[in-house]
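Trainee: Structure incoming, see below.
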Amino acid sequence: MSEDLIYSEDGAIARVVFNRPESRNALTLAMYDGLARICREIPADGPVKALIVGGAGGRAFAAGTDMTEFRAFEGEADALGYERRMDAVLGDIERCAVPTIAAITGACTGGGAAISAACDIRITDARLKWGFPIARTLGNCLSIANLGRLADLVGPGRLREILFTARLIGAEEAERIGLVSEVLADPEAVAARATALAGQLASHAPLTLRATKEGLRRLRTDGPRAEGDDLILLTYLSADFREGMEAFLGKRQPEWQGK
């Protein structure tokens with residue numbers, strides 16, 4: 001892993017930190033790829049039970065893609081290749097085997113906002129500025145898959161207004177519309193709450209969390225045609241389901257194995 005992307009594990013909790021504070025954690029292609037690889041490689045039955053994603057320095061979660069990455073763009077293959085790469089990265093985040101928490105501090109724009117939207121839970125500090133100001137900056141557009149994910153999160157009407165006006169959402173509005181679940185006072189409070197929340201998730205039935213994650217992803221991408229019998233069987237036929245029943249009836253805490 002490069003110094004621009006720091007990965008660590010502390011018991012059941014893993015962390016990824018975007019580590020370019022001097023550029024407000026602008027994301028290189030290598031950082032995108034590294035994050036995607038981490039999300040793909042966390043095993044479903046391993047010691048890690050939750051993943052926190054955040055930015056170094058306290059000023060920004062991530063301020064989008066590093067603009068120098070676009071200087072080499074010359075034609076169709078570059079444009080389509082970039083958006084397909086982004087779709088793959090965001091898909092890997094969504095499919096991560098464990099719950100993901102975006103611990104947002106300050107600016108969260110462009111690719112950073114897209115990453116936060118692909119996470120399962122978002123918390124922030126009061127300085128949040130979230131959005132995609134590309135209509136007044138770069139003049140590019142988002143992929144259909146990315147638009148679908150964002151519309152599902154904030155609603156198609158609001159997304160259209162956000163993208164057309166190129167405005168950034170603040171913390172109060174983000175909490176009101178359900179974009180974030182909590183607004184904390186400062187970066188230190190965000191870090192502490194992310195750790196506590198990850199610990200809570202790590203104590204819950206991992207198969208239930210995994211089935212819920214995947215079911216919601218399928219519902220967004222496949223709509224009414226989404227199928228989930230395999231997810232029902234994953235949980236109901238598991239040793240954990242049997243353990244949960246016996247623990248409940250025995251008035252004790254269950255010991256989840258993820259099996």
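Trainee: Can you work out the Karplus-derived ³J(HN,Hα) for every residue in the range 103-114? Use 6.51 cos²θ - 1.76 cosθ + 1.60 with θ = phi - 60°, whole Hz, and x for glycine or proline.
Mentor: Using θ = phi - 60°, the values come out as 9, 8, 10, x, 5, 8, 10, x, x, x, 5, 5 Hz.
Trainee: Using a Gaussian network for the chain with springs between C-alpha atoms less than 10 Å apart, which of these wobbles most: D230, D45, D186?
Mentor: D230
Trainee: Report the residue, chosen from L233, L51, L153, that carries the largest GNM mean-square fluctuation when the chain is represented by alpha-carbon nodes joined by springs under 10 Å.
Mentor: L233
Trainee: Additional query: How big, in percent, is the set of alpha carbon pairs in the chain lying more than 24 Å apart?
Mentor: On the way: 16379 of 33411 pairs.
In whole percent, the share of Cα-Cα pairs in the chain beyond 24 Å is 49.
Trainee: Let me ask another. Kindly state, to the nearest 0.05, the FRET efficiency for Q257 paired with C141, given R0 = 51 Å and r defined as their beta-carbon distance.
Mentor: Details: r = 45 Å, r/R0 = 0.89.
After rounding, the FRET efficiency stands at 0.65.
Trainee: If the viscosity is 1.002 mPa s and the temperature 20 °C, what Stokes-Einstein diffusion coefficient in µm²/s follows for the range 31-101 when Rh is the Kirkwood radius over Cα pairs?
Mentor: Details: Rh = 13.9 Å.
Calculated translational D: 154 µm²/s.
Trainee: Tell me, which cysteines of the chain are without a disulfide-compatible partner by the Cβ under 4.7 Å rule?
Mentor: C108, C119, C141
Trainee: Excluding R127 itself, calculate the net charge of residues whose Cβ lies under 10 Å from the Cβ of R127, where each Lys or Arg counts +1 and each Asp or Glu counts -1. Walk me through the numbers before you get to the answer.
Mentor: Working: positive: R59, K129; negative: D125, D186.
Local charge sum for R127: 0.
Trainee: Expressed as an acute angle from 0 to 90° and rounded to the nearest 10, what is the orientation of the C-alpha long axis of helix 187-202 relative to the principal long axis of the chain?
Mentor: Helix 187-202 sits roughly 40 degrees off the main axis of the chain.
Trainee: Which lysines have a Cα lying under 26 Å from the Cα of K259, excluding residues fewer than 8 positions away in the same chain?
Mentor: In chain and number order, the partners are K49, K213, K251.
Trainee: Could you check which residue among G157, G148, G55 shows the biggest mean-square fluctuation in a GNM of the chain with a 10 Å Cα cutoff?
Mentor: It is G157.
Rule-based calculations on the coordinates, nothing more; no lab input. The model shown is predicted, which means the values in this text are computed figures rather than measured ones. Here Cβ is always computed from backbone atoms with ideal geometry, including for glycine, and neighbour counts include all displayed protein chains.
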